[in-house]
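First comes the structure, then the notes that go with it.
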Amino acid sequence: MRSIVVAVVLSLSAACGAARAPVATFAELPDSVNHGDTVTVVDVGDARWRGRVAEMTPDRLVVRPGGSTGDITLTRERIREVGVIGDPINDGALAGLGIGAVTGLVLKLTTWNDTGSAVWLPSVLLGGVGAGLGAITDAVFRREVLVFRAQPVTAGVAADPTAGRVTLTLRW
């Protein structure tokens, strides 16, 4: 029984910490980036810009670098990668709450034989501790999360001498 409980707790922990994959198209970028978010943008020439999102449309992204009055406008064809710096604190708090609450419930059901106390009490206490630790961790460790990576453009040429034709294939 205990091995099943441990497996469930480890599975929940892994699910809470799983990273989200970058969006596949530039049009999906607003699902991962909000107006005012701090981003790092890399263009096809490897130039990097860091600043806040001033404007976002299906065709372009406008970044306002810190301490600068001029905005940088980048078209979707020019952008190779977009990363958001720092994720919201609430996701760390929610992950900590879930892990703490499940751990408290498992502890209550497997180790404490006191039937007089409420079964939810350890879950509430450890859930609160987990939420606090998750929020603090997210606030202290502000990492960059990749939210968009452009698909590479590939080209291919195939010649068929017997049919007398050449086929050009482009994929982007």
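The values are calculated or read from the model by the stated rules, or taken from the named source; none is laboratory data. Only a predicted model underlies this, so the values are computations on that prediction, with no experimental measurement involved. Cβ sites come from the backbone with ideal geometry, for glycine too, and all protein chains shown count toward neighbours.
Side notes on the structure shown:
- Restricting region 81-92 to residues that are at pLDDT below 90 and not aliphatic (A, V, I, L, M), the residue that is surrounded by the most Cβ atoms within 10 Å (Cβ to Cβ) is G92.
- Given (1) among the hydroxyl-bearing types (S, T, Y); (2) under 17 Å from R149 (Cα atoms); (3) outside any strand (DSSP E or B), index of the condition T40 fails: (3)
- Residue among G67, G83 that is touching a residue at least 12 places away in the same chain (Cβ under 8 Å) and either under 20 Å from the mean Cα position of the chain (by Cα) or not in a strand (DSSP E or B) (or both): G83
- Total residues in region 66-75 satisfying the condition of being at pLDDT 90 or above and either of a type in the set (S, T, N, Q) or surrounded by fewer than 16 Cβ atoms within 10 Å (Cβ to Cβ) (or both): the figure is 3.
- So V84, is it closer than 19 Å to D46 by Cβ and aliphatic (A, V, I, L, M): no
- Residues satisfying the stated conditions in region 120-168, i.e. within 28 Å of the chain's Cα centre (by Cα), at pLDDT below 80 and β-branched (V, I, T): V153, T154
- Checking the stated criteria, S117 turns out not to satisfy the condition of being at pLDDT below 90, crowded, with 20+ Cβ neighbours inside 10 Å, more than 30 Å from R149 (Cβ to Cβ) and among the small types (G, A, S).
- Taking residues in region 137-152 that are under 15 Å from D43 (Cβ atoms) and part of a loop (DSSP other than H, G, I, E, B), and partners anywhere that are of a type in the set (A, V, I, L, M) and modelled with pLDDT of 85 or more, the pairs with Cβ atoms closer than 9 Å and at least 6 places apart or on different chains are A150/V44; A150/I79.
- T57 being touching a residue at least 12 places away in the same chain (Cβ under 8 Å) and hydroxyl-bearing (S, T, Y): no
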